[in-house]
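Engineer: Have a look at this one.
Values quoted throughout were computed directly from the atomic coordinates according to the rules given, and no laboratory measurement underlies them. Predicted model, so just to flag it, every value in this text is computed and none were measured. Note that we place each Cβ from the backbone using ideal geometry, even for glycine, and neighbour counts take in every protein chain shown.
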Amino acid sequence: MTEAFGLPALEQALDALTTRVSSLRETRSAYPGDPRSTLDAALAELDTARDLLDSALRELRKAPKRSGERESGSQRELKLLRQVFKTLPVPLVVLDGSGTVRRISSETSRLLGSPAGYVIGRSFALFVDVSRRAAFRSHLTAVRQSGQTVTFQTRLTHQGRAHTVQLALTRLVMPGEPHEMTAVLVLPLETQVSQTPPGPADRSDSDLVMASARRQELLSRMTRLLLDEDSLRQPVTVTRASRLLASEAADWVIADVVRDGSPRRACVLGPVDKPVAELVRVVENLNPLSAPLIAHVLTSGSGGVVHEMLEEETLLGGVPDGPPLLRVMGAASVLCAPIQDQDGAAGTLTLVRLRDREPFTLADLGLMEEIGAHLGLALRARRSFQNRSQAADALRTSVVPRTLPDIPGFEAAAIYHAGSSQVGAEFYDVFPFSGGWGFALGGAAGKGEEAASVSAMVRNGLRVLSVWESDPGETLRKLNQALVAQNNGMFVMAVAGFVKGRRIRLSSAGHHPAALLQPDGAVRFTAGGGVPLGISPEAETYDEEITLSAGQTLLFYSDGLVASRNEHGEAYGESRLADVLARCVSQSPATVVKAVEEDRHAFSGGRVWDEIVILALRVV
C-alpha cells in the first residue's frame, strides 16, 4: 500500500483493518492450539497498519501550509490522523528519542490497564519484563540507527498483568520535528491476569475509597500491635511489624535499625509460597549501606522513596559476586520509608512487590512513612521501658536478696510479689552478724522509686549497724534517727530479729506481729506493734524475746498479705492466715509459704494490688 489516498479511502481502509483484526481475535480464541497461522496473519496486519500510517503521514507532508480554506483542509487531515491513532484496533505506542512514551492508543491503555496520563512520560522499558529490558533497549537502538523495522517477541508486565507480545519497532520521521521518534506496535500472544485489585484505569470511586479504607485498617492494626505489652517488654517490635507488612502489603520486607550509630539488619521476610530460604539468608548478611536506596533514605533526611516501576535494578545492591538483588527477587516495584526518631532516621522499612502484583503508589509511601513514624515512637518507648526495667531490677535487687543463706539449725523460705507497682517498696533480708544471724522485713509507705530507695536504705542500714549492734531494737532506733534527719516525709514499717542459737530477739516498728506455728497445729501471734520509723525523733519500738523449739515455724508477712481482698471487699486477715498455717504442721518453710500464697490467690481471685512478702523460719 504505497499510493496516497484521501479521507474517504483512509476511513474505508481503517474500517477494513478493524474487521480483519476482530476476525483474527475470534480465530485465536476458537483455535488456541494453532497459534502459528494466526500469528503470521497478525504480523501481516501490523505491516498493513504501518503502511496505513505512512500514507496518512505523506498526505500531511503534501498539504500546503496556507491560510484560509487550504489550511482548514490540513487541519482536517491532522484531525483524521489523530482519530486513526486513537481508534486503531491494535496497541500502538510512540516513543521519543530517549525511549519515553509520548503517545499511546486507546487499545494500549486497555492492554496495560492504565490510563494514558499514567503511561505517558514514563520510559517504555519499565513496562518490559525486567529480564528482557536489556534486549528491548538493544532492539530500540538498532531501529534508530538503521531505520529498519524490527520485530521480536518479549514480555510486558504492569498492574498485575503479564503479556507475552510481539513488538514491531519502526522509526518515524515527523514533519517539523527535529528528533526522530519510534512507533511500537504491540500484538498480544498470551495474557496472564493475577487476582490483584484492578489498576488505576479500572478503578471506580468506590474502589479508591475501599483502597484507602484498607490502608487505614492496616495503620490501625499496626498501632494496636505496637502498643501491645509484649512489644514493650521483648525485643520483637520490628519483627512483629515486619510480619504484619509482609502479610498485608508486600512480597518482601527488609527492616534495618540503627544501633550504636550503624545500621544493622533486623529482619528479612520473603514470599511464603516460594523457595526463598537461601536468598533470605543472603539478604540478612548484606550490609544495609550497600543498598543505594536504603543508604539514601538513612542519610538524606528527606523522607521515603517509591519506585512504582523499576528502571534501575541496583537500588538494593547485589548478591555477593552475582546479579542485582532486585533481579533475583523478581521485583517490579519497591519503596523505602524511614523509621523516624527524634534525632533522624532510626532505621528503614523496605518493601518489595513482585511482577504479578499492583505496584506501589505515593499513597502506599505515605502510609509506610506514617507506620515508620509510629514504629520509631514504639522503639523509643521500648528503650525507655527497658531503661526503667533495668533501674527497677537494680532497685528490686537492693530490697530483696537473690537467694537466702543457710542458717545453722533453721530452714528458711520466702515469697515476694511486686504487686501493681513495677518497683516495689517492701523488703526482706537474712544476713549474718557477729555471733549469729539477723533477719528483717518491712517496707516504706508508698510506691515507686523513692519508696524503694528508702526501703533499700533501711535494709542495708540494718546490715551495716548489725556489725556493731547486737540488739535489733537499738538498730531500728538508729535507723529512725537517720530517716527523721532526711525529712523526706517517708516512714517505714519494719520488724527485725537477731538469732543466737534458738533464741530470737525481735523488735517491731509498726509492723504486723509474726505468726508462730506449733508442732501440734496451734498458732499464736507475737506482740508486734510499735511506731513506724521516720515519724518521730523518739523511736517507739516493741521488743520481745522468744525461744524456739524443734518443729516450730515462725512466719513473717507484709501488709499486702492480710490486706488482700476478695470480690466482696472482705480482707484476707490474720484469722484466715492462722487457719491455713494450722494445716501446715511439720511442713517445710517452702511448702508453708507456698500454701499461704495459693490460699491468698484463691481468696482474692488472683488479684494483687499491694506487694506481698512472706518469710518463714523453721527450727530443725
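Engineer: Answer rounded, prolate or oblate for region 75-168, using the Cα gyration tensor with square roots of eigenvalues a ≥ b ≥ c: rounded when a/c is under 1.5, else prolate when a/b is larger than b/c, else oblate.
Structural biologist: Note, shape of region 75-168 comes out oblate.
Engineer: For region 400-619, what is the charge dipole size about the Cα centre, in debye to the nearest 20, if Lys and Arg each add +1 at the Cβ and Asp and Glu each add -1 at the Cβ?
Structural biologist: It works out to roughly 400 debye.
Engineer: Could you work out, for region 464-594, what percent of all Cα-Cα pairs fall into each 10 Å distance bin, beginning at 0 Å and stopping at the bin that holds the largest distance?
Structural biologist: 12, 35, 33, 17, 2
Engineer: In addition: Please work out the Cα center distance from region 555-610 to region 448-518, rounded to the nearest Å.
Structural biologist: Cα centroid to Cα centroid, the span is 24 Å.
Engineer: Quote the FRET efficiency, to the nearest 0.05, computed for ASN287 versus ARG463 with a Förster distance R0 of 51 Å and r equal to the Cβ-Cβ distance.
Structural biologist: For ASN287 and ARG463, the calculated efficiency is 0.50.
Engineer: OK, next. Amide H of GLY438 versus every other amide H placed in the peptide plane: which residues, excluding those fewer than 5 positions away on the same chain, fall under 5 Å?
Structural biologist: Hits under the 5 Å cutoff: PHE431, PHE433, VAL499.
Engineer: How far apart, in nm, are two points set 7 Å out from the Cα along the Cα-to-Cβ line at GLN481 and at HIS568?
Structural biologist: 5.1 nm
Engineer: Give me VAL165, VAL585, VAL297 ranked fewest to most by other Cβ atoms within 10 Å of their Cβ, as a rough exposure proxy.
Structural biologist: The order, fewest Cβ neighbours first, is VAL585, VAL165, VAL297.
Engineer: To continue, here is another question. Would you please name the chymotrypsin sites (Phe, Trp or Tyr not before Pro) within region 433-484 that are DSSP coil residues with at most 16 other C-beta atoms within 10 Å of their C-beta?
Structural biologist: TRP468
Engineer: Tell me, what is a quarter of the convex hull surface for the C-alpha atoms of region 219-292, in nm² with one decimal?
Structural biologist: Over all viewing directions, region 219-292 projects a mean Cα-hull area of 5.9 nm².
Engineer: Projected area of region 301-363, taken from the Cα convex hull and averaged over every viewing direction, in nm²?
Structural biologist: For region 301-363, the mean projected area of the Cα convex hull comes to 5.0 nm².
Engineer: Under the classification rounded if a/c is under 1.5, otherwise prolate if a/b is larger than b/c and oblate if not, where does region 519-611 fall, given a ≥ b ≥ c as square roots of the Cα gyration tensor eigenvalues?
Structural biologist: It comes out oblate by the Cα gyration axes.
Engineer: For a protection proxy built on the mean count of beta-carbon atoms within 10 angstrom, sort 88-101, 403-416 highest first, please.
Structural biologist: The most tightly packed comes first, giving 88-101, 403-416.
Engineer: Provide the gained length on full extension for the span THR100 to ARG583, in nm with one decimal, where the gain is 0.36 nm per separating residue minus the Cα-Cα distance.
Structural biologist: Additional length available on full extension: 164.9 nm.
Engineer: Within a 10 angstrom radius of the beta carbon, how do ASP429, ASP543, ASP251 rank from fewest other beta carbons to most?
Structural biologist: If I rank by nearby Cβ atoms, fewest first, I get ASP543, ASP429, ASP251.
Engineer: Can you compute the FRET efficiency between GLU540 and ASN488 using 1/(1 + (r/R0)^6), with r the Cβ-Cβ distance and R0 = 22 Å? Round to the nearest 0.05.
Structural biologist: Efficiency, rounded to the nearest 0.05: 0.65.
Engineer: While we're on this one: Which translational diffusion coefficient, to the nearest whole µm²/s, is obtained for region 205-388 from the Stokes-Einstein equation, given a Kirkwood hydrodynamic radius over C-alpha pairs, 20 °C and 1.002 mPa s?
Structural biologist: Answer, rounded: 129 µm²/s.
Engineer: Which trypsin sites (Lys or Arg not before Pro) in region 572-609 pass both tests, a DSSP loop state and at most 12 other beta-carbon atoms within 10 Å?
Structural biologist: Here the sparse-neighbourhood loop sites are ARG583.
Engineer: If you don't mind, another one. Please say if region 400-619 is rounded, prolate or oblate, where rounded means a/c under 1.5 for a ≥ b ≥ c the square roots of the C-alpha gyration tensor eigenvalues, and otherwise the choice is prolate for a/b larger than b/c and oblate otherwise?
Structural biologist: Oblate.
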